[in-house]
Structure formats: C-alpha cells, structure tokens
1. Only helical DSSP H runs with n ≥ 4 go in: add -39500 (n - 2.57) per run for the chain, normalise by residue count and round the 222 nm mean residue ellipticity to 500 deg cm²/dmol.
2. Normalising by the residue count of the stretch 4-102, find the relative contact order in percent from Cα pairs under 8 Å and 6+ residues apart.
3. Test of the criteria: in the stretch 120-167, which chymotrypsin sites (Phe, Trp or Tyr not before Pro) are in a DSSP loop and have at most 15 other Cβ atoms within 10 angstrom of their Cβ?
4. If the chain between residue 192 and residue 36 were fully stretched, how many nm would it gain, using 0.36 nm times the residue separation less the Cα-Cα distance?
5. GNM on the chain, C-alpha springs below 10 Å: top fluctuator among 29, 113, 151?
6. Which of these, 59, 185, 145, has the largest mean-square fluctuation under a Gaussian network model of the chain (Cα springs below 10 Å)?
7. Once you place label points 7 Å from the Cα toward the Cβ at residue 166 and residue 99, how far apart are they in nm?
8. Find how much the distance from residue 17 to residue 138 grows on full extension, using 0.36 nm per residue of separation minus their present alpha carbon separation; answer in nm with one decimal.
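Just so you know, all these numbers are worked out from the coordinates, no wet-lab data involved. If you're wondering where the values come from, they're calculated on a predicted model, not measured in any experiment. Here Cβ is always computed from backbone atoms with ideal geometry, including for glycine, and neighbour counts include all displayed protein chains.
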Amino acid sequence: MTAIADLFRGPVAIETSALWLAEHELYPEERAHIQNAVPKRRAEFATARILSRRALAAVGAPSVALVPTADRAPVWPSGYTGSISHCADYCAVVVARSRDVRSLGLDVEDLRELEPTMLDLVLTPTERRWLCAQPATLRPLLPIVIFSAKEAYYKCQYPITRGFLEFRDVELAIEWASGTFEARVLKEGWPAAVARLSGRFLVDDDRVGCGVELAQD
Ligand SMILES: CC(C)(COP(=O)(O)OP(=O)(O)OC[C@H]1O[C@@H](n2cnc3c(N)ncnc32)[C@H](O)[C@@H]1OP(=O)(O)O)[C@@H](O)C(=O)NCCC(=O)NCCS
C-alpha cells in the first residue's frame, strides 16, 4: 500500500514493509516479550519494532526498546507518539513528535467482505441504513472500511482515555468521494477531546488503510 502518507496531514514519518522474521535485530527485552509467540506473531512484532525505530529515527528520536504495556498498547519514547498495524503479510507504522501531533491511529486490513456475524458486531443501526442506500458495487467493500476506520479511531483515542469501546459505541459518517470519515462516540460521558475525530481512508486492490490524528492544541 503505497499511499499511507496520504492518510495524515501533520508532520509524521511512515514506514511500511512485508513481514519478516527480524528477531535478531530486536533488543533483548523485545525478544523476551515474544519468545513464546507463534512465528506469525513474532514476525509481526519484530517487523513493527524495526519499522518503528526507522520511523522514529526520521523524526529525531533515539533508538530504544519498544515493549508494549500489558494491555498491548505500544509505548513510545518520551516526546513521541505513533501507531502500528499489521495484516496478513504487511506492516505499517506512523510516528510523530508529540509537540506536533498529540495522538495517531493507523489501521490496515486485507480487503475482504465481513461475515454476517461481524456485521452485527461492527455496524450501528444508522450505519446499516446508510450502507443499504449505497451503490450495489460499493456495498460489499464498505463494512471492512468501517471496521478499519473504527480500529484506527480506537488506537488514536486510547492513549488519551485508556478506555475500551465496542465497535457499536462508535458511529461513522463516511464520505466516499473525499476518502474521509468522522468517528463519533455514542457512549455517554466520553472525553470531549476525542469524542468526535475525523480521519482518512484509502482502498487499493489488496487492502484498506485508515488514519486518524489528533492535533496538538
Ligand atoms: C487495538 C486493536 C484495535 C488492534 O487491532 P488488530 O486488528 O488486532 O491489530 P492491528 O495489527 O491493526 O494492530 C496491532 C497493533 O495495535 C497496537 N495496539 C494494541 N492495543 C492498542 C491500544 N489499546 N491502543 C493503541 N494501539 C494499540 C499495537 O501496537 C499492535 O501491534 P504490536 O502488538 O505489534 O505492538 C484491537 O486488538 C483491540 O484491542 N480492540 C479492542 C477494541 C476495539 O477494537 N473496539 C472497536 C473499535 S472502536
């Protein structure tokens, strides 16, 4: 997916690649973190750490071990923020200096139709009605775009709230022509700073990518 950079407007650094088993390039504490994982997960984790360090170097960050917290959220060097996503054989990372961007959310998914059970989990009633009104050629694609946009939104809001949301707690308004969306939290009392964020999406032959960024005040 070549155009991940188009998902963000702030000064960010982006790295993407196929997954590879780069464990020998990891810090010992990173290797320890995935020592019992299956090879696919080790490749995802290792690729993401190497790409993250490359992207962080591009925005001036030191090279440090990037070991996630117990809730799986990434931990960035002080003064930097970012987001990681991987799908079948692909990894993408976006980072920025915190003084430029407060938080970032990136998600990539293999392009696919969502099963009916997933549709029930992901779509709100309003989104279902909107989907039914879309051109028949687009309709099979749109649920994975909504899924991915909600994941990108979730990753962006998490460092601010540390709060969990179900897919149906978030409602999207998608503008297909401009490749943009707005994510709005339906749950009462969600922090105002992240209760409504806009994002961008792109779709190519193989994947969908979504980006959400929260600017600094
Ligand atoms: C965080 C989550 C969205 C990740 O999505 P995923 O499809 O499993 O996987 P992706 O490859 O796109 O992303 C994985 C990366 O997300 C990042 N991540 C994990 N938890 C995160 C969190 N709470 N906040 C921000 N980023 C997180 C990690 O960097 C991870 O990569 P790593 O383990 O190699 O470091 C998902 O696992 C999750 O926790 N979902 C629960 C909440 C949710 O999805 N609600 C519905 C949307 S509102």
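1. Roughly -9000 deg cm²/dmol at 222 nm, from the helical runs in the chain.
2. Over the stretch 4-102, the number comes to 35 percent.
3. Those satisfying the criteria are 164.
4. 52.2 nm
5. 29
6. 59
7. 4.3 nm
8. 40.8 nm
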